[in-house]
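Chemist: Handing you a structure now.
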Amino acid sequence: MDVSTMSRVLWLGRTLRQRERWTETHLRDHQRRQLAKVRAFTTANSPFYRRFHQGLGNAPLAELPVLTKAALMDHYDEIITDPIVRLADLQAYLEGLHSDELFRGRYWVSATSGSSGRKSIIPNNRQEWAMILASYLRANQWAGVRIGPAHRVKMAMVSSTTPWHQSSRVAATARSPFIASERLSAA
């Protein structure tokens, strides 16, 4: 993990810890603001969502139609908001993935196992990936493990050995001078 990513993860970890003390009102206000941002972005940038949520711009979240994994994968290229990301390219990238290389230098891509019959493919930009890592960091923090430049740790990571599985991607990204890690197969 490079210093920039480590810094972002530690900062987000601190942010998440602070949110644990929010009141219910503060949490709901934050959720409402974030939902409004996501809705505005997807409506502006995704042809699929313009149709899927047409006429529901102010509807409560619970009243929006459910996007199933099948629909997500069937309409992937219409849903995705970055024109350099296409499903066929992501699938080819994942087939050749060996370590922590980024898709087109911009995205960490992982996939679900497909146990329900179909894999989901999930690209994450730097901010999103840092948030995922910060969420993993929280489990360590809850257990009393301090991680950071002044707190080198040794850890064993139990993860999938399939390079495109999220646990494997997280384990590959976590390797750094700050974290001496041994990766153990979940099998």
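The values are calculated or read from the model by the stated rules, or taken from the named source; none is laboratory data. This is a predicted model, so every value here is computed, not measured. A quick note on method: Cβ atoms are made from the backbone with ideal geometry, for glycine too, and the neighbour counts reach across all protein chains shown. For the accessible areas, the whole protein counts, side chains as well, though only heavy atoms, and no ligand, DNA or RNA atoms are used. Shrake-Rupley method; radii C 1.70, N 1.55, O 1.52, S 1.80 Å.
Chemist: Condition first: surrounded by 14 or more Cβ atoms within 10 Å (Cβ to Cβ), modelled with pLDDT of 95 or more and part of a loop (DSSP other than H, G, I, E, B). Now tell me which residues in the range 82-105 satisfy that.
Modeler: Correct list: Val85 only.
Chemist: Looking only at the range 12-53, which residues are without any contact (Cβ under 8 Å) to a residue 60 or more places away in the chain, of a type outside the set (Val, Ile, Thr) and more than 29 Å from Leu67 (Cα to Cα)?
Modeler: Once the filter is applied, which keeps residues that are without any contact (Cβ under 8 Å) to a residue 60 or more places away in the chain, of a type outside the set (Val, Ile, Thr) and more than 29 Å from Leu67 (Cα to Cα), the range 12-53 yields Arg14, Gln18, Arg21, Trp22.
Chemist: Under the condition of being within 22 Å of Leu10 (Cβ to Cβ) and open to solvent by 40 Å² or more (accessible area, probe 1.4 Å), which residue from the range 162-177 is modelled with the lowest pLDDT?
Modeler: Filtering first and then ranking leaves Pro177.
Chemist: Filter the range 88-132 down to the residues that are without any contact (Cβ under 8 Å) to a residue 40 or more places away in the chain and small (Gly, Ala, Ser), then identify the one that is farthest from Met73 (Cα to Cα).
Modeler: Gly105
Chemist: Somewhere in the range 124-135, is a residue at pLDDT 80 or above, part of a strand (DSSP E or B) and touching a strand residue (DSSP E or B) at 6+ places or on another chain (Cβ under 6 Å)?
Modeler: yes
Chemist: Of the residues Ser115, Ser110, only one is within 19 Å of Ser168 (Cβ to Cβ) and assigned to a loop (DSSP other than H, G, I, E, B); which?
Modeler: Selected residue: Ser115, the only one of Ser115, Ser110 that is within 19 Å of Ser168 (Cβ to Cβ) and assigned to a loop (DSSP other than H, G, I, E, B).
Chemist: Another question, then. Filter the range 6-22 down to residues that are modelled with pLDDT of 85 or more and more than 14 Å from Ala139 (Cα to Cα) and give me whichever is surrounded by the most Cβ atoms within 10 Å (Cβ to Cβ).
Modeler: Taking the range 6-22 as the starting set, the residues that turn out to be modelled with pLDDT of 85 or more are 7-22.
Adding the requirement that they be more than 14 Å from Ala139 (Cα to Cα) leaves 7-8, 11, 15, 18-19, 21-22.
Numbers: Ser7: 14, Arg8: 19, Trp11: 12, Thr15: 11, Gln18: 9, Arg19: 11, Arg21: 7, Trp22: 12.
Going through the qualifying residues, I end up with Arg8.
Yes/no matrix, rows are residues, columns are (1) of a type in the set (A, V, I, L, M, F, W, C); (2) under 25 Å from Arg126 (Cβ atoms):
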{"site": "Leu12", "(1), (2)": "yes, yes"}
{"site": "Arg21", "(1), (2)": "no, no"}
{"site": "His26", "(1), (2)": "no, no"}
{"site": "Asp29", "(1), (2)": "no, no"}
{"site": "Leu35", "(1), (2)": "yes, yes"}
{"site": "Val38", "(1), (2)": "yes, yes"}
{"site": "Ala59", "(1), (2)": "yes, no"}
{"site": "Ala62", "(1), (2)": "yes, no"}
{"site": "Leu67", "(1), (2)": "yes, yes"}
